1. Once the Cα atoms of helix 10-20 and of the chain are each reduced to a long axis, what angle between those two axes, in degrees from 0 to 90 to the nearest 10, is obtained?
2. So, in nm, how far is label residue 23 from label residue 43 when the simple model puts each one 7 Å beyond its Cα toward the Cβ?
3. Summarise the accessible area of the chain (1.4 Å probe, protein heavy atoms) by the percent that is carbon and sulfur.
4. With runs of 4+ DSSP H residues as the only contributors, calculate the mean residue ellipticity of the chain at 222 nm using -39,500 (n - 2.57) per run, divided by the residue total and rounded to the nearest 500.
5. For the chain, taking Cα atoms only, what is the radius of gyration to one decimal and the Dmax to the nearest whole Å?
6. Using R₀ = 25 Å, calculate the FRET efficiency as 1/(1 + (r/R₀)^6) where r is the Cβ-Cβ separation of residue 12 and residue 36; round to 0.05.
7. Leaving out ligands and nucleic acids, and using a 1.4 Å probe, what accessible area per residue does the chain come to in Å²?
8. Only sites in a loop by DSSP and with at most 11 other Cβ atoms within 10 Å count here; which chymotrypsin sites (Phe, Trp or Tyr not before Pro) in the range 4-69 make the cut?
Amino acid sequence: MWTSLSSKDNMIAEMFKIALELEEPWKLTHIEYDDKGEAWHLYIDFERGTMFTCPSCVGECTAYDAEKK
């Protein structure tokens with residue numbers, strides 16, 4: 001059974017943010033705990049239109065693949 005954490009569980013969300021060392025533009029948007037599989041599922045996202053440094057040309061580019069995976 002999937003259990004979504006509510007806003008009152010901000011302490012757990014902050015713990016994961018610190019452990020993952022997330023920096024702008026990345027943000028933790030949602031956390032779920034799977035009781036059956038005993039696993040945490042973390043959802044990380046960024047604001048639409050965010051610019052990223054291209055690893056090839058080192059220029060600033062927008063992301064084109066924002067599909068959930």
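1. Once rounded, one gets 50 degrees.
2. Result: 2.6 nm between the two label points.
3. Carbon plus sulfur share of accessible area: 54 percent.
4. Helices in the chain give a 222 nm mean residue ellipticity of -5000 deg cm²/dmol.
5. Considering the chain through its Cα atoms, Rg and Dmax are 14.9, 45 Å.
6. 0.85
7. In whole numbers, the chain has 87 Å² accessible per residue.
8. Within the range 4-69, the qualifying chymotrypsin sites (Phe, Trp or Tyr not before Pro) (loop, at most 11 other Cβ atoms within 10 Å) are 64.
The values are calculated or read from the model by the stated rules, or taken from the named source; none is laboratory data. Bear in mind that the values here come from a model prediction, so they are computed numbers and not experimental data. We place every Cβ from the backbone using ideal geometry, glycine too, and count neighbours over all the protein chains shown. Remember, those area values only see protein heavy atoms, side chains included, never the ligands or the DNA or RNA. Shrake-Rupley method; radii C 1.70, N 1.55, O 1.52, S 1.80 Å.
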